[in-house]
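Reviewing the structure listed below.
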Amino acid sequence: MPTDFEIVFGRDFEVVFAPVFIWVMGVVGLIFGSFANVVIYRVPKGLSVVKPPSACVTCGTRLRAWELLPVISWLFLCGKCHACKAKISLRYSLVELLCGVLFATMAWYAPLWHWTRTDRLGYQTSFSVVPLAVWAFILITIASIDAETQLIPDGLVLTGAIAGLIFIAGGIIFPENFPSSRTWYDALLGVAAGAVPLFIIDRITLLVLKKDGFGYGDVKLMAMSGLFLGWRLMLVTFFIAFLLATLYIVFLAVRGRARRGIYMAFGPFLVAGTLVAFFLGENLFEMYFEILGGTP
Ligand SMILES: [Zn+2]
């Protein structure tokens, strides 16, 4: 029996509207990516992210409206400032693209409408995509700032944690509208699984080598992401992050650029691990147990 909703919209609803929503979120992501560049540039310097309006970092000429379009402006300007012809880093466009792709992927992962058996209409509006997109935005800005300054601003981690709490609270109060949310105890275990191992490694490094291992920024970052991931995916996150960091060190060593005592930002690896775990973690978990021949 088709539901009222299906009679009105038919199958077109899923076929047409879901891709439209994914594309719209991609464009929203590009715009937020543009804002992410402002955050990445200004937050470590303690500047306001709202005022003054964006300007060329070399000559200070204010950017006009058409120069603020994500990626497109960069292409039209051929990667050079309109006024002083200074090169505009490709990084800005890459951050915008990454934000666009992540927002679109979040829309695919947590679609705006989802099928439900209990509801008479058959569909429920899902709001999971809002906190998830905020989280993706925070992860991109933190990875970029940490790579550049070796600092993870508390304000960004706090914003992510608020989004995470909304994600979890939404799942408890409106389970139909937050279908991808985690249970409160899984979120709590996720926070512990994220923070405790890094904290212990940090303490041991401090005792044995008399220097900081991981900053507290990394500990807070992983505690925040634990809200979104739960404990199982947190294990996958650490596995991927340490694997990527090791590969990077080997790459540096091969290129003859690794030095003893060099400080390496771990945040970008943790963020990469987090995103891989979020989208592919359950599959990786299953593969792991299949290889071992057991059941999870
Ligand atoms: Zn300029």
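The values are calculated or read from the model by the stated rules, or taken from the named source; none is laboratory data. Treat the numbers as computed from the prediction; the structure is a model and nothing was measured. Cβ: placed from backbone, ideal geometry, glycine included. Neighbour counts: every protein chain shown.
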Can you tell which of M264, M222 is outside any helix (DSSP H, G or I) and either closer than 19 Å to G160 by Cβ or among the aliphatic types (A, V, I, L, M) (or both)? M264
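Residue by residue through the stretch 40-53, note down the ones that are within 16 Å of the ligand (Cβ to nearest atom) and either exposed (fewer than 15 other Cβ atoms within 10 Å of the Cβ) or not assigned by TED's automatic domain parsing to the domain that holds L139 (or both). Full working, then the answer.
Just the residues of the stretch 40-53 that are within 16 Å of the ligand (Cβ to nearest atom), to begin with: 41, 52-53.
Across the stretch 40-53, the qualifying residues are P52, P53.
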Output the number of the condition that S93 fails; it satisfies all remaining conditions of (1) touching a residue at least 12 places away in the same chain (Cβ under 8 Å); (2) surrounded by fewer than 18 Cβ atoms within 10 Å (Cβ to Cβ). (2)
Residues (among the hydrophobic types (A, V, I, L, M, F, W, C) and without any contact (Cβ under 8 Å) to a residue 60 or more places away in the chain) located in the stretch 224-235: L229, W231, L233, M234, L235
Hey, among C99, C59, C84, which residue is touching a residue at least 24 places away in the same chain (Cβ under 8 Å), more than 12 Å from the ligand (Cβ to nearest atom) and either touching a Cys at 6+ places or on another chain (Cβ under 8 Å) or assigned to a helix (DSSP H, G or I) (or both)? C99
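Could you identify the single residue in A241, A245, A272, A253 that is part of a helix (DSSP H, G or I) and under 13 Å from the mean Cα position of the chain (by Cα)? Don't jump to the end; show me each part of the working.
Values: A241 fails: under 13 Å from the mean Cα position of the chain (by Cα); A245 fails: under 13 Å from the mean Cα position of the chain (by Cα); A253 fails: under 13 Å from the mean Cα position of the chain (by Cα).
Being part of a helix (DSSP H, G or I) and under 13 Å from the mean Cα position of the chain (by Cα) holds for just one of A241, A245, A272, A253, which is A272.
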Checking the structure you have, find out if any residue of the stretch 278-293 is at pLDDT 75 or above, of a type in the set (A, V, I, L, M), assigned by TED's automatic domain parsing to the domain that holds R232 and loosely packed, with under 11 Cβ neighbours inside 10 Å. yes
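With the requirement that a residue be under 27 Å from V219 (Cα atoms) and either part of a loop (DSSP other than H, G, I, E, B) or free of Cβ contacts under 8 Å to residues at least 40 places away in the same chain (or both), what does the stretch 179-193 give you? Please lay out each step first, then the result.
First, the residues of the stretch 179-193 that are under 27 Å from V219 (Cα atoms): 180-193.
Correct list: S180, S181, R182, T183, W184, Y185, L188, V191, A192.
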Return the residue satisfying two criteria in turn: it lies in the stretch 252-277 and is under 30 Å from A107 (Cβ atoms) and of a type in the set (G, A, S), and of such residues it is modelled with the lowest pLDDT. A265
Give me the residue from the stretch 62-81 that is more than 30 Å from D154 (Cα to Cα) and among the aliphatic types (A, V, I, L, M) and, out of that set, nearest to the ligand (Cβ to nearest atom). L77
Return the residue satisfying two criteria in turn: it lies in the stretch 21-56 and is small (G, A, S) and not in a helix (DSSP H, G or I), and of such residues it is farthest from the chain's Cα centre (by Cα). A55
